[in-house]
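Here's the structure, in structure tokens; my notes come after.
Where a number appears in this text, it was derived from the coordinates with a stated rule and is not lab data. These numbers come from a predicted model, not from an experiment. Glycine also receives a Cβ, built like all others from the backbone with ideal geometry; neighbour counts cover every protein chain displayed.
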Amino acid sequence: MCRESAEIAEDDAGGAFELAELALALAPEVCGDEKILCGVLRTAWAHLGNVFRVRGDLKRAEEAFQKAEEYIVGSTTGTLPSLVQWDELGALEAVLLRDQGNLAEALRTIDHAAYSSLGDPARKPAFFLEKACLHRQLGQPEEALKALSLAEGGAERSGARLRVRIEIERGEALCDLGRHGQVKKLPARLRKVAESLPLERARLLCLEGRAASGAGRLEEANAALEKAHDALHDRAVANLAMLSFELAALYAGRGRTEDLKGLAERTLPLVEKPGLGREAAATLKLWCRLAAQEKLSLERATQFIADFSRVAGRR
């Protein structure tokens with residue numbers, strides 16, 4: 001139940017919450033010694049915290065993880081192997097730390113999970129993907145590409161969704177490096193998978209827009225922007241904002257101030273979306289104001305891209 005909750009959390013937070021709550025309710029009924037019971041309770045509380053995180057309720061998420069910590073001693077005593085998947089719980093904690101804006105500690109935590117000798121090798125590609133996401137948010141796209149290469153090595157056994165996410169993240173890292181022309185289109189089979197998943201579809205559209213914008217293909221970038229707005233997902237708001245920033249730099253470089261003002265007007269409502277943290281929302285709001293006042297030069301537009309990359313992962 002906990003693993004299913006984690007699997008569906010981004011797409012169905014309500015269903016994930018029901019599963020985590022049911023797991024927590026059933027945990028005391030598990031037959032076994034104290035070590036097993038503590039391990040089950042620790043796992044259930046951590047997964048409940050993960051659902052709160054996805055919902056954006058970081059206070060309750062942290063409280064649930066603190067409750068999980070109460071069972072650490074009881075679940076780690078005794079002989080190995082343990083019922084508890086230590087690396088899996090570490091990965092959940094890393095994602096919470098990321099959403100809280102503690103990126104350096106999140107990176108250390110996911111590193112420990114990824115290189116743990118006790119973990120299931122089948123889960124390591126997902127951990128390396130998360131490591132890549134953290135490197136990007138820390139302004140280290142080259143390190144992100146290295147982590148993605150490690151993720152790709154075992155991804156064939158991990159399902160099509162993970163491979164889609166790896167390819168999208170690779171494309172984002174290449175765009176961060178200004179290597180927009182190296183972003184490859186998803187193979188038809190993986191694209192079909194991405195189209196069936198609301199979050200991945202939204203992220204893919206934003207990536208395609210970034211690649212087109214960076215290559216100077218204005219009409220293609222605009223078309224991707226329109227589709228991305230239509231497919232907007234709360235957890236892809238930062239992706240859409242970044243596409244808007246890059247498109248703005250293209251407009252500013254060509255002196256298209258009216259188009260820039262229209263873009264700012266279209267983008268401003270994103271400030272109120274739950275997918276942005278306080279710093280990212282403030283950066284986006286300032287950008288919109290300067291664009292509306294025709295005060296956004298190419299240099300300032302380019303600086304906003306760097307600034308937003310730095311704060312987008314903070315809550």
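List of remarks:
- Helical segments meeting 27 Å axial Cα length and Kyte-Doolittle -0.5 threshold in the chain (DSSP H): 34-55
- Region 136-279 - Rg (one decimal) and Dmax (whole number), Cα, Å: 15.2, 49
- Shape call, region 258-307: gyration tensor on alpha carbons, a/c limit 1.5: oblate
- The chain - percent relative contact order, Cα under 8 Å, separation 6 or more: 11
- Normalised by residue number, the volume inside the convex hull of the Cα atoms of region 78-221 is 121 Å³ per residue.
- Ordering Leu250, Leu296, Gly216 by Cα displacement along the dipole of region 215-315 toward the positive end leaves Leu296 in first place; charges were set at the Cβ atoms of Lys, Arg (+1) and Asp, Glu (-1).
- From the Kirkwood radius over Cα pairs of region 215-315, Stokes-Einstein at 25 °C and 0.890 mPa s returns a whole-number translational diffusion coefficient of 185 µm²/s.
- Cβ-based charge dipole, the chain, positive-most Cα from Gly181, Val164, Ala282: Gly181
- Tally of Lys pairs whose C-alpha atoms are under 15 Å apart, taken over the chain, 8 or more apart or cross-chain: 7
- When the Gaussian network model of the chain links Cα atoms closer than 10 Å, the mean-square fluctuations of Val30, Val271, Val183 top out at Val30.
- Rounded to the nearest 20, the Cβ-based charge dipole of the chain about its Cα centre (Lys and Arg +1, Asp and Glu -1) stands at 980 debye.
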